[in-house]
Amino acid sequence: MMIRTRRAVACGAALMAAAMAGTLAAVPAQANGAKWRVFDARPTPGSDDFRAVAVSSKRNAWVFGGVIGDTPPMRPIARRWAGGVWHDVDLPDGVVGGIDAASTTSARNVWAIADYGDAGPSSALRWDGKTWSISHQWADGLTSDVITTGRRDVWVFGYSRAGAGVGTWHFDGSRWSRADVGDLLPERGSVVSARDIWAVGAQRSTGCGDRTVAHYDGRRWSAVPTGDALPPDIPQPDEGGPYQCVHLRDVLATSRRDVWVAGFVYRSDGGDHNEEQAVLAHWDGTTWRREDVPGRHIPERLASDGRGGLWTIGWGDPYGPTPESTPLMHRAADGTWRTATIDTGGRTAEITELALVPGTRSLWGVGRILTPEARDGAIYRYR
C-alpha cells in the first residue's frame with residue numbers, strides 16, 4: 001500500500017471537493033465489452049453539478065444535484081430515467097441548496113435530502129410515484145445521508161466535521177422523530193434490510209477522527225468494534241507533536257456477511273509534514289480485515305459491481321504532477337485491482353457518486369464535466 005505525502009495540507013470540505021477532480025483519459029474496453037462513458041452532459045444555464053444517484057431497477061433511476069443561476073441561492077435539481085432518456089423533474093417550490101444524497105426502493109418510494117449548509121434549512125423530499133413533496137424540514141443544520149427500506153422506513157443522518165448537522169432522524173410512515181443513537185454520530189449509511197443497517201461516522205468525545213462503524217439490528221443502534229482492521233487514532237498532545245486520525249467516508253453493505261468501509265488515515269508530525277493513506281476494511285460476518293488499496297488512490301465512495309466486487313471513486317494526488325491518478329478503480333471478487341477511466345473528449349471529468357443497477361453489472365454515476373468555458377452536470381454509465 002502506497003502512502004501519499006504532501007506539505008501543509010488543508011483539511012475540510014474544500015479539500016474533499018477539489019481532490020475528487022481528475023482529467024480522465026480513454027482506456028480499452030474490458031473483456032466483457034463493458035466500459036464507462038459519458039451518457040448525458042447537456043449544457044445548463046448557470047453552473048450545475050450532480051451529486052447523488054439512486055437506483056432500484058432498470059426502470060427506476062434518479063440523479064440529483066444543484067444549480068446556481070445568475071444569482072444565488074443554489075436550487076436543487078432532479079432527473080428521472082424513463083424511456084431510455086433522462087428527463088428533468090420539478091421539485092417543490094421554496095427548497096434551496098443542493099441534493100447530496102438520495103435513496104429508493106421502488107418507483108413509488110424515492111427520497112432525497114436538500115440542504116444549504118449547516119446554517120441553512122434542510123428538507124427531506126419524497127416522490128410517491130407522481131409528484132415530489134416536502135416530507136419534513138429542519139430550520140438549520142446540514143444533512144449527510146438518507147436511506148430507506150420502504151415507504152414506512154426512512155432514516156436521515158446529519159453529521160459532518162464541517163458542522164453539527166441535524167442529527168439522526170427516522171420516519172415510520174406517519175411521523176418523523178429524532179432517533180436515540182446515544183453518543184453515535186452517523187454520517188453515511190447502507191441498507192441490507194430494515195433490521196440490518198450499517199453506518200459510518202463518529203462518536204462524541206471519542207478519538208480525533210470519524211472512525212466509528214455502527215449497526216442497527218431493528219431495535220437499536222450500537223457501535224461495532226473493528227479490532228486492528230483500522231489504524232488507531234493518536235490525538236495530538238496538548239503541547240503539540242505528532243498525531244493521526246482515521247476518517248471513514250463511506251460504507252457498503254450487500255449482505256450480513258459482506259460489509260465494506262472506506263476512507264483514509266491522516267498523519268501529521270505536528271508541523272508542516274502531513275500524509276494520507278487509504279483505509280479499506282471488510283466484514284465477512286465474523287471478522288474485520290484490512291485490505292490494501294494500490295497506488296495513491298484514496299477511496300471516497302463505494303458501489304457494488306454486481307458480481308462480488310466493488311467500485312471506488314476518490315482521489316489520487318491533486319497537488320502532484322498527475323492529478324488524474326486513479327480517480328475510479330475496480331476491485332474484483334478475487335482481490336484484483338484495476339484502474340478505469342473514461343473517454344471525455346479532452347474535457348475534465350469529476351465523478352462524485354455511483355450506484356449499481358440491481359440484478360445487473362451496470363452502474364450509473366454522476367458528477368460534472370468541465371471545460372475552460374463551462375461546468376455542466378454529467379451522468380456516466382458503465383455497461
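The values are calculated or read from the model by the stated rules, or taken from the named source; none is laboratory data. From a predicted model like this one, the values you see are computed outputs, not experimental measurements. Cβ coordinates were reconstructed from backbone atoms using ideal geometry, including for glycine residues, and neighbour counts include every protein chain displayed. Heads up: the accessible areas ignore ligands, DNA and RNA and are worked out on the full protein's heavy atoms, side chains in. Shrake-Rupley method; radii C 1.70, N 1.55, O 1.52, S 1.80 Å.
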Query raised in the report: Within the bounds of the range 358-379, is there any residue that is within 30 Å of Asp88 (Cα to Cα) and touching a Leu at 6+ places or on another chain (Cβ under 6 Å)?
Result: yes
Requested in this report: Specify which of the listed residues (Val95, Val166) is part of a loop (DSSP other than H, G, I, E, B), over 30 Å from Gly207 (Cα atoms) and among the aliphatic types (A, V, I, L, M).
Outcome: Val95
Report task. For the range 90-127, name all the residues that are open to solvent by 10 Å² or more (accessible area, probe 1.4 Å), among the β-branched types (Val, Ile, Thr) and farther than 14 Å from Gly66 by Cα. Result -> Thr104, Thr105
Query raised in the report: Of (1) closer than 23 Å to Ala202 by Cβ; (2) modelled with pLDDT of 95 or more, Arg331 satisfies all except one. Which?
Result: (1)
Report summary line: Log entry, pairs with first residue in the range 333-349 being under 22 Å from Pro299 (Cβ atoms), second being hydroxyl-bearing (Ser, Thr, Tyr), beta carbons closer than 6 Å, six or more apart or on different chains, reads Thr339/Thr326; Thr348/Thr23
Report task. Kindly list the number of the only condition in (1) over 19 Å from His170 (Cα atoms); (2) in contact with a Lys or Arg (Cβ under 8 Å, 6 or more places away or on another chain); (3) open to solvent by less than 70 Å² (accessible area, probe 1.4 Å); (4) in a strand (DSSP E or B) that fails for His87. Result -> (3)
Query - Of all residues making up the range 48-67, the number that are open to solvent by less than 20 Å² (accessible area, probe 1.4 Å) and either among the hydroxyl-bearing types (Ser, Thr, Tyr) or in contact with a Lys or Arg (Cβ under 9 Å, 6 or more places away or on another chain) (or both) - result: 11
Query raised in the report: Among the residues of the range 117-168 satisfying the criterion of being of a type in the set (Phe, Trp, Tyr) and over 19 Å from the mean Cα position of the chain (by Cα), which is modelled with the lowest pLDDT?
Result: Trp138
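Go through the range 71-94 residue by residue and tally those that are among the polar types (S, T, N, Q) and under 22 Å from the mean Cα position of the chain (by Cα).
Going residue by residue through the range 71-94, those that are among the polar types (S, T, N, Q) are 71.
Those still in the list that are under 22 Å from the mean Cα position of the chain (by Cα) too: none.
Within the range 71-94, residues that are among the polar types (S, T, N, Q) and under 22 Å from the mean Cα position of the chain (by Cα) number 0.
Residue check: is Thr312 part of a loop (DSSP other than H, G, I, E, B) and polar (S, T, N, Q)? Break it down into steps so the answer makes sense when it comes.
Working: part of a loop (DSSP other than H, G, I, E, B): no; polar (S, T, N, Q): yes.
No: the conditions fail for Thr312.
Show me the strands (runs of 3 or more DSSP E) entirely contained within the range 200-284 in which 1 or more residues are among the small types (Gly, Ala, Ser), open to solvent by less than 20 Å² (accessible area, probe 1.4 Å) and without any contact (Cβ under 8 Å) to a residue 40 or more places away in the chain. Can you show your working first?
Working: elements: 212-216, 221-223, 243-255, 258-268, 273-283.
Per the criteria, 212-216, 258-268.
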Query - Candidates Ala78, Ala17, Ala26, filtered to the one that is modelled with pLDDT of 90 or more and either part of a strand (DSSP E or B) or open to solvent by 40 Å² or more (accessible area, probe 1.4 Å) (or both) - result: Ala78
